[in-house]
1. Residue pairs, Cβ under 8 Å, 6 or more apart or interchain, first in region 74-97 and without any contact (Cβ under 8 Å) to a residue 60 or more places away in the chain, second surrounded by 12 or more Cβ atoms within 10 Å (Cβ to Cβ) and acidic (Asp, Glu). List them.
2. For residues that are modelled with pLDDT of 90 or more and exposed (fewer than 13 other Cβ atoms within 10 Å of the Cβ), tally how many sit in region 136-165.
Amino acid sequence: MTRLLKHEEKERAKEPAKIVPFRSAFPEIPRMMERLDELLMERWAPFWPTLRIAEELLPRVPPVDVYEEGNEVVLKAELPGMKREEIEVHVTGAGVTFSGKKEKTEKLEKKDYHRFERTIGAFTRTVTLPAEVELEKVTAKYENGVLELTLAKKPAIAGRKLTVQ
């Protein structure tokens with residue numbers, strides 16, 4: 001009997017492994033996730049107004065895209081609802097810091113809000129650039145709520161050849 005089991009193991013080892021989809025291997029996982037959501041909502045729902053206030057007190061940072069395009073680094077930041085004069089940008093050779101403050105444009109009197117997701121308040125965001133840039137060759141434009149900086153990369157410094165003595 002022992003020899004037969006060893007033989008079966010050798011035969012199985014030769015067969016390619018069968019790939020089983022995750023959901024069919026663990027059919028109870030989706031229901032467990034739903035139940036976890038229910039438990040969290042039952043537990044935290046009474047505190048949701050308090051959590052919402054705490055969330056509003058947290059500093060907001062605008063989403064940013066940074067990519068290289070040839071000899072330039074491009075940074076795009078979403079700053080909807082802001083005016084040009086409300087945005088400050090500081091560029092160093094290795095990073096960019098931009099900041100601003102969004103003010104409330106309408107009065108909040110007695111309105112029955114169902115959602116309050118638009119953000120107000122001050123923000124500051126610092127982004128490290130993937131390459132050193134030339135400060136004299138930075139251009140900025142702000143259009144349709146998107147700040148776009150184009151930064152020219154510094155040319156690579158050629159190495160010096162040394163002779164070993």
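1. So the pair list comes out as Ala94/Glu132.
2. 6
The values are calculated or read from the model by the stated rules, or taken from the named source; none is laboratory data. None of the values given here were measured: they were computed from a predicted structure. Note that we place each Cβ from the backbone using ideal geometry, even for glycine, and neighbour counts take in every protein chain shown.
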